[in-house]
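The structure under discussion appears below in the form of structure tokens.
The values are calculated or read from the model by the stated rules, or taken from the named source; none is laboratory data. Please read all numbers here as calculations on a predicted model, not as lab measurements. Neighbour counts are summed over all protein chains in view; Cβ atoms, including those assigned to glycine, are modelled from backbone coordinates with ideal geometry.
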Amino acid sequence: MDNSINTLIISVSGYIFGLAGLIYLAAWVFKKQGLYTPALITAITGSLTNAAGIGIRWHESYKMGMGHAPLSNMYESLVFFSFALSVVYLIYENRMKIRTFGAIALPMCFFIIMYAELAPNVSGEIKPLLPALKSDWLIAHVISCFIGYAAFAIAFGLSIIYLMKTSTGTVENINAGAIIRMFLFLCVPLSLGLFLAFRTTSLEAALKAAWAGFGTGVIIIFIVKISGSKIIEMLSGLPDLKNLDVLTYRVIAFGFLFLTAGIITGSVWANSAWGSYWSWDPKETWSLITWLVYAALIHTRLMAGWAGERIAWLSILGFMAVIFTYFGVNLLQGMHSYSVG
Amino acid sequence: MISDSEILSVHTCHEMPDRRIFKKIQGPYLMSQPLKSRDSFIWRAFASIRLSVVVLFLLAASSVSGTFIPQGNPAEFYLYKYPAAGKFITSLDMHHLYSSWWFRGLLLLLCVNITVCSIDRLSRTWKIIFPGRKGVNPERIRKARDSITFESATSKEDMVRAAEILLATGKGKSEAKHIEEEAFIFTESGRWTRLGVYIVHISVLLLLAGGLIGSVYGFRGTMNIPEGKEASDIMTGSGKPVTLPVAVKCDDFDVSFYESGMPKEFRSKLTLTENGREVLKKDILVNSPLRYKGLSFFQSSYGVEGATDIRIEIVTKNGEKSEREIKIGDTVEVPGNFGYFTVSGFEENFHVKGHTLKEVFACFMINEGKPSDVFIIPAGMPGFDKMRGGNFYVNIKNYKKIWYTGLQVTKDPGVPLVYTGFILMIAGCIVSFFMAHRQFGIFVRQAGSGCVVRICGVSSRKNPLFEEIIKSMAEKLGGKNLE
């Protein structure tokens, strides 16, 4: 980790996101409506600070004589991901008028920036751009993809909440079936996602992270089991299932548009850099796989009988594809590897 | 085919476009309906969205396997690396997964599915977009799910006028109809947005068509051209050379580096000649290719081809020093009658005894008519040649590198189709996801000195805020205590 100003500001923004997340959580759990305004203000502050960090980093790269938009390595992409997530969330909160979800979205921003800070193989140093990366299409491509990822991350959170609601439902006693479901939609994505995020560091770190994710899931299930009706009461603060389903679908549609634009700008960039708009490179292929999963999800809504619950599962599967596209492909070969710096 | 003792009407719900609800209105007999082609099993199978979902998942799953199985290696590689599954992999072409017969078959299936689905649903959509003289049916609007009914003390005439003004402020025209005792004021907008879905699907067909054309009629290859030379042949991935209709000359190549040693930019000055006539001169950079008549030339790599303007210093054992500037292959006379000296070659990296020497010149001398064995002299190492123990030694003081530029040459006639597909897909997604066909109807009926108002809204897209819109409309018309 270097000590330049931009990484410092980005760090600070991470902590502000964490604080905002805590305030949202308090507002939700303790049902204090008055806390939502300070929560929103903190979240906006975090977002602006994040943006400032990115802007200063851009400026610093020019001062160092290797000016380029800060979107070219793992650190920069993570920082932008966090920013996109905060912006998409804030727009979402404003348009759809639900605020409780901030308790999930803002902590996600916090964790993303913390990962960028602490993961050993992610370096915050500003490096010059390789010739192939010098293109305006690059900027459009990365921005588009990450706005899409941000939307899918929000959909992922909403789907977890949806499944949490259907698993706890009106039944006071959360039975074995519900626990197995919670295991599937909490522990599996968390451990798998964290495993992939840390795999490029080392297998050891990845396994530890996977266990941490697994453990977190187990703790949440445990809390849910012993709190019983309190959890159901808490969850009722969120929109009902039907609205949750529509909200999830709308954010997925938004994400799908930007993922499509991201794949397209990436293809145009590839065509202008090496004459081929599609080479079945692992990263290209995985972004297509993600696209196909969400396309299938969009079409299942038209199929009678595929209710909101199956959509929620598909949304989680789709986000797993997003995580693999982002982190997993660095483990396969190809020219997209962010693992180099 | 439909006897006039029966009326069969077909309603298709927007929520379940996959099923048709047949309503028998009258008639004692249910006469068996001869199968129209649209109802045949085959058509219905291909028109089903369930098939689309299955195909999309199959494409996703098979694409996943293609990222875990290394692609493009010869069959032996898999038999060796995967002793158990190797044969399975090669027999199913999973090492060329994305061009395999079954993957292309899935893509073809998707195309057929898209086409059949679109044809199946288009006539219905067309009738909604262009309803002709029939216009809207108020009863359908009345049954809308999003609706609010309230009573008002305002007179019916005043309310009707207010409703007309309210609806006129939105998009689309408003029209009022009077049906018996009830006034029906109506507006709609965005009928054309129902075409959005078809645009998206046509774009997919265009993309796949463009891809197919590119793979059949296109090619991709590389050519390395040393500075100052010209070439017309490229080497494709399959090993077959292709001769281009143009000759490419590299006038100059330039590479610049960052302080760290990483490459900053590569640039080639190229001249294209067609039929002996110069047709194009351009500088290309990595992200800025040269395009001519469907061919594209990309700066892809570079290397050192050789050396020229080599400055050598010959020191004889008498102490006599002389400097010359030569090219590879030139022979120079060594002063003092010690024979002749020639530089015959240049290697950027020369490996000897586990070491790598950089920038090495191959040389030999001719003494009394007999050429010696070839010996090496690295550039910039004065005195190295003393070790040879000859009558003279040579220092290579300076030289100029001759670069070759590595170009990637492609031709893909499918690109215009693919790019059109890209544009249509974005446009289609925006229209189908973010625009809607909306209809608003306000029914006003006299009730005493006041009236009863019912506001209904229909949208082609589910919008959680739609209810709010209806509510605010009701409030604007003076409705209170709305649920």
For segment A:38-97, give me each residue that is basic (Lys, Arg) and on the phi > 0 side of the Ramachandran plot.
A:Lys97
Condition check for A:Phe214: surrounded by 15 or more Cβ atoms within 10 Å (Cβ to Cβ), aromatic (Phe, Trp, Tyr), in contact (Cβ under 8 Å) with a residue 40 or more places away in the chain and part of a helix (DSSP H, G or I)
no
Which members of segment B:162-176 meet the condition of being surrounded by 16 or more Cβ atoms within 10 Å (Cβ to Cβ) and part of a helix (DSSP H, G or I)?
B:Ala162, B:Ala163, B:Glu164, B:Leu166, B:Leu167
Would segment B:172-182 turn up any residue that is farther than 16 Å from B:His437 by Cβ, modelled with pLDDT of 85 or more and among the charged types (D, E, K, R)?
yes
Quickly run through segment B:256-269 and pick out the residues that are surrounded by 15 or more Cβ atoms within 10 Å (Cβ to Cβ) and either within 12 Å of chain A (Cβ to nearest Cβ) or touching a residue at least 60 places away in the same chain (Cβ under 8 Å) (or both).
B:Tyr258, B:Pro263, B:Lys264, B:Glu265, B:Phe266, B:Arg267, B:Ser268
Please give the helices (runs of 4 or more DSSP H) falling wholly within segment B:48-123 in which 2 or more residues are in contact with a helix residue (DSSP H, G or I) (Cβ under 9 Å, 6 or more places away or on another chain) and within 14 Å of chain A (Cβ to nearest Cβ).
B:49-68
Looking at this structure, is A:Val224 buried (at least 18 other Cβ atoms within 10 Å of the Cβ), more than 9 Å from every other protein chain (Cβ to nearest Cβ) and modelled with pLDDT of 90 or more?
no
Cβ contacts < 6 Å: first residue facing another protein chain (nearest Cβ under 8 Å), restricted to segment B:406-435; second residue in a loop (DSSP other than H, G, I, E, B), any location; separation 6+ or different chain. Result?
B:Gln408/A:Gly275; B:Thr410/A:Gly275; B:Asp412/B:Gly218
Checking B:Asp93 against (1) surrounded by fewer than 12 Cβ atoms within 10 Å (Cβ to Cβ); (2) at positive phi; (3) under 31 Å from the mean Cα position of the chain (by Cα): exactly one of these is not met. Which one?
(1)
All positions within segment A:251-275 that are facing another protein chain (nearest Cβ under 8 Å), out of contact with any helix residue (DSSP H, G or I) (no Cβ under 6 Å at 6 or more places or on another chain) and at pLDDT below 90
A:Asn271, A:Ser272, A:Trp274, A:Gly275
Note on segment B:270-290: residues within 10 Å of chain A (Cβ to nearest Cβ) and in a strand (DSSP E or B) are B:Leu285, B:Ser288
When you look at A:Phe324, is it out of contact with any Gly (no Cβ under 6 Å at 6 or more places or on another chain) and either modelled with pLDDT under 85 or more than 11 Å from chain B (Cβ to nearest Cβ) (or both), yes or no?
no
Does B:Lys23 qualify as being part of a strand (DSSP E or B) and either at pLDDT below 85 or touching a helix residue (DSSP H, G or I) at 6+ places or on another chain (Cβ under 9 Å) (or both)?
yes
Of the listed residues (B:Thr187, B:Thr243, B:Thr193, B:Thr149), the one being assigned to a strand (DSSP E or B) and touching a helix residue (DSSP H, G or I) at 6+ places or on another chain (Cβ under 6 Å) is B:Thr187
Residue by residue through segment A:279-299, note down the ones that are buried (at least 20 other Cβ atoms within 10 Å of the Cβ), facing another protein chain (nearest Cβ under 7 Å) and more than 14 Å from B:Leu59 (Cα to Cα).
A:Pro282
Output for Cβ contacts, cut-off 6 Å, separation at least six or different chains, first residue over 17 Å from B:Glu230 (Cα atoms) in segment B:273-294, second among the charged types (D, E, K, R), reads B:Leu285/B:Arg267; B:Asn287/A:Lys134; B:Gly294/B:Lys411
What number of residues within segment A:139-160 are among the hydrophobic types (A, V, I, L, M, F, W, C), surrounded by 20 or more Cβ atoms within 10 Å (Cβ to Cβ) and over 22 Å from A:Thr7 (Cα atoms)?
9
I'm told A:Ser167 meets every condition in (1) in a helix (DSSP H, G or I); (2) among the polar types (S, T, N, Q); (3) within 14 Å of chain B (Cβ to nearest Cβ) except one. Can you identify the failing condition by its number?
(3)
Go through B:Val352, B:Val332 for me and flag whichever is modelled with pLDDT under 90 and of a type in the set (Val, Ile, Thr).
B:Val352
Identify the single condition in (1) within 30 Å of B:Ala144 (Cα to Cα); (2) crowded, with 20+ Cβ neighbours inside 10 Å; (3) touching a Gly at 6+ places or on another chain (Cβ under 8 Å) that B:Cys451 does not satisfy, given that it satisfies every other one.
(3)
Answer yes or no: is there a residue in segment A:84-93 that is polar (S, T, N, Q) and closer than 30 Å to A:Leu238 by Cβ.
yes
Of all the residues that make up segment B:429-483, how many are part of a loop (DSSP other than H, G, I, E, B) and of a type in the set (S, T, N, Q)?
4
When segment A:93-106 is checked residue by residue, the ones that are in a helix (DSSP H, G or I) and not aliphatic (A, V, I, L, M) are A:Glu93, A:Asn94, A:Arg95, A:Gly102
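A quick yes/no check of all residues on (1) part of a helix (DSSP H, G or I); (2) aliphatic (A, V, I, L, M); (3) modelled with pLDDT under 85; (4) surrounded by 20 or more Cβ atoms within 10 Å (Cβ to Cβ):
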position	(1), (2), (3), (4)
A:Ala84	yes, yes, no, yes
A:Ile91	yes, yes, no, no
A:Met108	yes, yes, no, yes
A:Pro120	no, no, yes, no
Taking the options A:Ile143, A:Ile91, A:Ile98, name whichever one is within 14 Å of chain B (Cβ to nearest Cβ) and within 17 Å of the chain's Cα centre (by Cα).
A:Ile91
